[in-house]
Amino acid sequence: MKDGCTLSISNFSAWYQSRTVVDGLSLPSIQAGKVVALVGPNGAGKSTLLRALAGLIPAKGSARLGPLELIGCSAGERANRVGFMPQGFPAHSSLTVLESVIVAFRAMPRSTDLDHDRRVTGLRALSVLDRIGIAHLGLRPLDQLSGGQRQLASLAQAIVRDPLLLLLDEPTSALDLRHQVEVMELLRSLAGEGRIVIVVLHDLTLAARWADDIVLLDHGKVHASGSPDSAITSGTLASVYGVRARVEADPLAGLRITVDGTTDASDTGGSHPASRTGRKWRK
């Protein structure tokens with residue numbers, strides 16, 4: 001069990017080139033042991049928020065993980081505490097799955113005993129592959145894997161350094177139903193060991209079933225946050241997604257969401273850019 005930590009995000013903004021995507025975002029403190037799902041329509045800022053927390057794009061404000069301020073910290077300090085799984089995964093790589101996980105592990109500062117490091121690295125990488133259930137793929141080149149298999153290899157790279165904070169961008173998007181469940185069970189287990197897990201999901205039912213809290217983003221801001229049944233309602237789905245939906249409690253799934261159609265501006269007080277033919281896409 002890891003020592004508990006807290007992630008506090010306040011007045012947080014992130015941008016690509018000159019375009020601000022996440023604007024002045026603040027969240028209630030996220031405690032160790034929690035799985036938090038980021039949901040929202042395309043262009044809402046979910047991936048941008050994760051990439052900024054991972055130090056991959058510029059950001060300002062505050063994102064404090066325990067005593068460490070992530071904004072402006074060194075790459076080594078971040079590598080010791082934060083694991084990131086991107087949405088996309090390069091299809092063309094001659095590295096084997098095992099080699100790719102070893103490379104990810106070596107992002108951490110190492111001791112001067114190289115022989116010891118090699119032994120520890122290899123054993124750690126094999127242990128992670130076994131935990132995810134893909135040890136049998138260890139010697140397979142990444143470019144010979146299916147999309148779902150590459151996604152699992154990417155997850156192994158994210159968790160191999162045993163981070164306090166896991167940032168996962170759509171880790172189930174290419175997986176079949178069984179592997180979706182297995183990945184979400186793994187994330188709950190990782191959180192139960194004292195980590196914070198923040199995961200982007202498009203499947204609201206999956207998010208409601210497995211996450212402790214939901215953060216619903218729209219236009220780079222928090223539209224709703226809290227327990228699944230408080231953040232995912234007919235009203236929030238109409239306002240943010242532009243759909244008419246029924247949200248009902250389910251003893252097994254948490255929430256059952258049934259979408260009946262799209263809204264028009266009059267259904268949401270005229271504030272949402274949707275029409276009877278569907279939501280307008282934003283870049």
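Taking square-rooted eigenvalues a ≥ b ≥ c of the alpha carbon gyration tensor, is the range 79-201 rounded, prolate or oblate, where a/c under 1.5 means rounded and, failing that, a/b exceeding b/c means prolate? Could you put the intermediate results ahead of the total?
Numbers: a/c = 1.77, a/b = 1.20, b/c = 1.47.
Judged from the Cα gyration tensor, the range 79-201 comes out oblate (a/c at least 1.5, b/c at or above a/b).
Suppose the chain between THR258 and GLN17 were pulled fully straight at 0.36 nm per residue; how much longer would it get relative to their current alpha carbon spacing? Numbers along the way, then the final one.
On the way: separation 241, 0.36 × 241 = 86.76 nm, distance 3.84 nm.
In short, 82.9 nm is gained.
Could you tell me which GluC sites (Glu not before Pro) in the range 150-253 are loop residues by DSSP with no more than 14 other beta carbons within 10 angstrom of their beta carbon?
Values: sites: GLU182, GLU185, GLU193, GLU248; in loops: GLU193.
In loop regions of the range 150-253 (DSSP not H, G, I, E or B), the sparsely surrounded GluC sites (Glu not before Pro) are GLU193.
When DSSP assigns beta bridges and you keep just the ones with both residues in the range 112-259, what percent turn out antiparallel, to the nearest 5?
Values: 11 of 16 bridges.
Bridges in the range 112-259 that DSSP calls antiparallel: roughly 70 percent.
In nm, what is the difference between 0.36 nm times the number of residues separating HIS202 and SER26 and their Cα-Cα distance? If you can, show how the numbers build up before the last one.
Details: separation 176, 0.36 × 176 = 63.36 nm, distance 2.14 nm.
Separation in residues times 0.36 nm, less the Cα-Cα distance, equals 61.2 nm.
Taking the Cβ of ALA208 as the center, what net charge do the other residues with Cβ under 12 Å away carry, scoring Lys and Arg +1 and Asp and Glu -1? The partial results should precede the final answer.
Details: positive: ARG209, ARG256; negative: ASP203, ASP212, ASP213, ASP229, GLU248, ASP250.
Result for the neighbourhood of ALA208: -4.
With Rg and Dmax of the Cα atoms in Å in mind, check (i) 19.4, 64; (ii) 19.5, 68; (iii) 17.6, 51 and report the label derived from this structure.
(ii)
Among ASP176, ASP213, ASP203, which one shows the biggest mean-square fluctuation in a GNM of the chain, springs joining Cα atoms closer than 10 Å?
Judging by the Gaussian network model, the answer is ASP176.
Picking from SER146, SER239, SER18, which is most flexible by a Gaussian network model of the chain using Cα springs under 10 Å?
SER18
Grab the beta carbon distance between ASN42 and ARG124, set R0 = 30 Å, and tell me the FRET efficiency rounded to 0.05. Show your work: numbers first, answer last.
Working: r = 36 Å, r/R0 = 1.21.
Working from the Cβ atoms, E equals 0.25.
With the contact rule set at Cα under 8 Å and sequence spacing of 6 or more, what percent relative contact order holds for the chain? Walk me through the intermediate numbers first.
On the way: 574 pairs, mean separation 64.7, N = 283.
Relative contact order of the chain: 23 percent.
Lys pairs in the chain, Cα-Cα under 15 Å, at least 8 apart or on separate chains: how many? Could you put the intermediate results ahead of the total?
On the way: LYS2/LYS34; LYS46/LYS221; LYS46/LYS283; LYS60/LYS221.
Lysine pairs, 8 or more places apart or on different chains, close enough: 4.
Return the carbon/sulfur percentage of the accessible area of the chain, one whole number, probe 1.4 Å, all protein chains in place.
Details: 6910 of 13270 Å².
Here it works out to 52 percent.
Calculate how many DSSP beta bridges within the chain are antiparallel, expressed in % of all such bridges and rounded to the nearest 5.
Working: 31 of 48 bridges.
Roughly 65 percent of the beta bridges in the chain run antiparallel, per DSSP.
Give me the one-decimal nm value for the distance between modelled label points at CYS73 and SER230, 7 Å along each residue's Cα-to-Cβ direction.
2.7 nm
Can you tell me the accessible area per residue over the chain, all protein chains present, probe 1.4 angstrom, in square angstrom? List each step's numbers first, then the result.
Values: 13270 Å² over 283 residues.
Accessible area per residue, the chain: 47 Å².
The values are calculated or read from the model by the stated rules, or taken from the named source; none is laboratory data. On a predicted model such as this, the values are computed, not experimentally measured, just so you know. Don't worry about glycine lacking a Cβ; one is built from the backbone with ideal geometry, like all the others, and counts go over all protein chains shown. Heads up: the accessible areas ignore ligands, DNA and RNA and are worked out on the full protein's heavy atoms, side chains in. Shrake-Rupley method; radii C 1.70, N 1.55, O 1.52, S 1.80 Å.
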